[in-house]
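**Q** I'd like to ask you about the structure that follows.
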Amino acid sequence: MPDHTRPVWPFKEYGLLTAHPRGSWCKKVKGKLRYFGPWAVIDPDNLKAKAALQRYLDFAQAEASDTTPAVVLPTDLTLNIAVNQFLTGKIKAVEAGTLTQRQYTEYRNAGKLLLNTLGRGKLLTKLTPADFAQLRGVMEKRWGPVRLGNTITWVRSIFNHVQEYHGVVARFGGQFDRPRIREMRKASTPKKLFTQREIKALLKLASPAMRAMILLGINGGFGQMDFAMLPVGVVDFKRKAIDYTRQKTGVKRVIPAL
């Protein structure tokens with residue numbers, strides 16, 4: 001049953017805050033409950049709620065980046081501001097080693113496509129399912145199902161960030177879903193698998209460094225970024241093993257290096 005002793009958040013289109021019994025508007029951010037000012041059962045013109053909203057936006061902006069544009073209300077939030085905030089956070093992730101440069105480039109290209117198609121000054125609160133259908137139409141002319149599905153995921157990541165920090169929920173509609181797995185599998189290029197004879201031939205011709213990469217790729221499941229980010233200190237010469245924690249997944253690996 002509804003609790004008539006506490007007010008309902010008046011800005012339902014943003015879905016940001018809830019009234020805590022202690023008397024404050026609150027929201028759980030990264031697993032921790034944060035408070036953004038008092039609420040009142042009777043709040044003429046929603047003044048207390050508006051003040052709490054502004055405090056939340058100030059907090060979210062500070063959490064997102066030190067270099068993002070000035071704080072704006074959700075009603076003034078444009079695609080250009082949203083994409084820039086999202087990419088600024090991803091640059092920090094690249095610098096911290098938790099995101100690859102390649103993935104950042106994919107996010108940036110998705111953001112660029114979004115801005116060029118729908119307009120930099122487009123207000124997020126004005127986006128409709130028709131806008132996302134238009135965006136998908138542009139994508140479908142450029143790419144097949146696999147690339148289309150990946151780009152839709154990257155665009156949705158931008159709007160997930162917007163919802164987290166500004167409370168604006170995107171109305172994607174039914175035409176902005178990823179293609180079905182069956183479609184992507186049918187369109188995907190079969191992976192090149194080397195035979196044992198081909199691998200032996202490669203090892204015979206490879207330099208010492210390339211030989212080590214081939215062997216670690218086969219026996220340890222190493223990818224290009226694993227090699228690029230692997231510190232020398234994880235090589236245990238006494239045990240003849242590589243003992244390290246993969247940065248991308250946090251999974252510990254111990255691989256024989258005989």
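Laboratory data are not the source of any read-out in this text; all were calculated from the coordinates shown. As the structure is a prediction and not an experimental result, all values here were calculated from the model. Methodologically, a virtual Cβ is constructed for each residue, glycine included, from the backbone with ideal geometry; neighbour enumeration extends over all protein chains shown.
**Q** Rounded to whole Å and ordered largest first, report the semi-axes of the equivalent ellipsoid of the chain derived from its Cα gyration tensor (root of 5λ). Before the final figure, lay out the partial values.
**A** Values: eigenvalues 420, 128, 51 Å².
Semi-axes, largest first: 46, 25, 16 Å.
**Q** Using only DSSP helix segments of four residues or longer, with each worth -39500 (n - 2.57), what per-residue ellipticity at 222 nm results for the chain after dividing by its residue count and rounding to 500?
**A** Working: 9 runs with 125 residues, N = 258.
Per the formula, -15500 deg cm²/dmol.
**Q** Next up: P(r) tail for the stretch 122-258, what percent of Cα pairs lie past 28 Å? Present the calculation step by step, with values, prior to reporting the outcome.
**A** Working: 4582 of 9316 pairs.
Everything past 28 Å amounts to 49 percent.
**Q** Taking 7 Å along the Cα-to-C-beta vector as the label spot, tell me the Lys32-Glu198 distance in nanometres, rounded to one decimal.
**A** Going by the 7 Å Cα→Cβ label model, 5.2 nm.
**Q** Something else: Could you line up Tyr104, Tyr165 from fewest to most neighbouring Cβ atoms inside 10 Å? Let's see the in-between values first.
**A** Details: Tyr104 15, Tyr165 25.
In increasing order of surrounding Cβ atoms, one gets Tyr104, Tyr165.
**Q** Compute, for the stretch 196-256, the length of the dipole vector about the Cα centre, with Cβ point charges of +1 (Lys, Arg) and -1 (Asp, Glu) only. Units Debye, rounded to 20. Can you show the working numbers first?
**A** Working: 11 positive and 4 negative charges, 34 e Å.
My answer is approximately 160 debye.
**Q** What does the charge dipole of the stretch 121-258 about its Cα centre add up to, to the nearest 20 debye, if the Cβ of each Lys and Arg holds +1 and the Cβ of each Asp and Glu holds -1?
**A** It works out to roughly 460 debye.
**Q** Which one, Cys26, His166, Ile91, is farthest towards the positive end of the dipole of the chain when Lys and Arg carry +1 and Asp and Glu -1 on their Cβ?
**A** Farthest along the dipole direction, towards plus: Ile91.
**Q** Report, to two decimal places, the Cα Rg of the stretch 196-256 normalised by 2.2 N^0.38 Å (N = number of residues).
**A** Details: Rg = 12.3 Å, N = 61, 2.2 N^0.38 = 10.5 Å.
This ratio for the stretch 196-256 stands at 1.17.
**Q** Next question. Which one, Val254, Trp143, Leu113, projects farthest toward the positive side of the charge dipole computed for the chain from Cβ point charges (K/R +1, D/E -1)?
**A** Projecting each Cα onto the dipole axis, the largest value belongs to Val254.
**Q** Order these peptides, 155-163, 121-129, 80-88, by their mean beta-carbon neighbour count within 10 angstrom, highest first.
**A** On the way: 155-163: 18.3, 121-129: 14.7, 80-88: 19.9.
Ranked from most to least packed, the peptides come out as 80-88, 155-163, 121-129.
**Q** Take the alpha carbon gyration tensor of the stretch 18-64, find the square roots of its eigenvalues, order them as a ≥ b ≥ c, and report rounded if a/c is under 1.5; if not, report prolate when a/b exceeds b/c, else oblate.
**A** Oblate shape, in that a/c is at least 1.5 and b/c is the bigger or equal ratio.
**Q** Another question, if that's okay. Could you give the size of the charge dipole of the chain about its Cα centre, using +1 on the Cβ of each K and R and -1 on the Cβ of each D and E, expressed in debye and rounded to the nearest 20? Walk me through the numbers on the way to the answer.
**A** Details: 43 positive and 19 negative charges, 256 e Å.
Here the size comes out at about 1240 debye.
**Q** Ok, one more. Give the order of Met213, Met229 when sorted by the count of other beta carbons within 10 angstrom, beginning with the fewest. Display every interim value, and only then the final one.
**A** Values: Met213 16, Met229 13.
By the 10 Å Cβ count, ascending, the order reads Met229, Met213.
**Q** What's the exposure ranking of Glu164, Glu106, going from fewest to most Cβ atoms within 10 Å?
**A** On the way: Glu164 13, Glu106 16.
The order, fewest Cβ neighbours first, is Glu164, Glu106.
**Q** Go through Ala201, Met213, Leu230 and say which Cα lies farthest out towards the positive end of the charge dipole of the stretch 196-256; charges sit on Cβ, +1 for Lys and Arg, -1 for Asp and Glu.
**A** Ala201
**Q** Still on this structure, please answer the following. Using a Gaussian network model on the chain with a 10 Å cutoff between Cα atoms, which of Trp39, Trp154, Trp143 fluctuates the most?
**A** Trp143
**Q** Express in nm, to one decimal, how much length is gained between Arg120 and Gln224 on full extension, taking 0.36 nm for each residue of separation and deducting their alpha carbon distance.
**A** Working: separation 104, 0.36 × 104 = 37.44 nm, distance 3.51 nm.
Gain on extension, Arg120 to Gln224, equals 33.9 nm.
**Q** While we're here: Just to be sure I understand: if I project the alpha-carbon convex hull of the stretch 119-164 onto a plane and average over all orientations, what area do I get in nm²? Intermediate values should be presented prior to the final figure.
**A** Working: hull surface 14.0 nm².
That works out to 3.5 nm², a quarter of the Cα hull's surface.
**Q** If contacts are Cα pairs under 8 angstrom and at least 6 residues apart, what is the relative contact order of the chain in percent? Numbers along the way, then the final one.
**A** Numbers: 269 pairs, mean separation 35.0, N = 258.
Once divided by the residue count of the chain, the mean separation gives 14 percent.
**Q** Can you give me the convex hull volume of the Cα atoms of the stretch 74-187, divided per residue and expressed in Å³?
**A** Considering the Cα atoms of the stretch 74-187, their hull volume per residue is 101 Å³.
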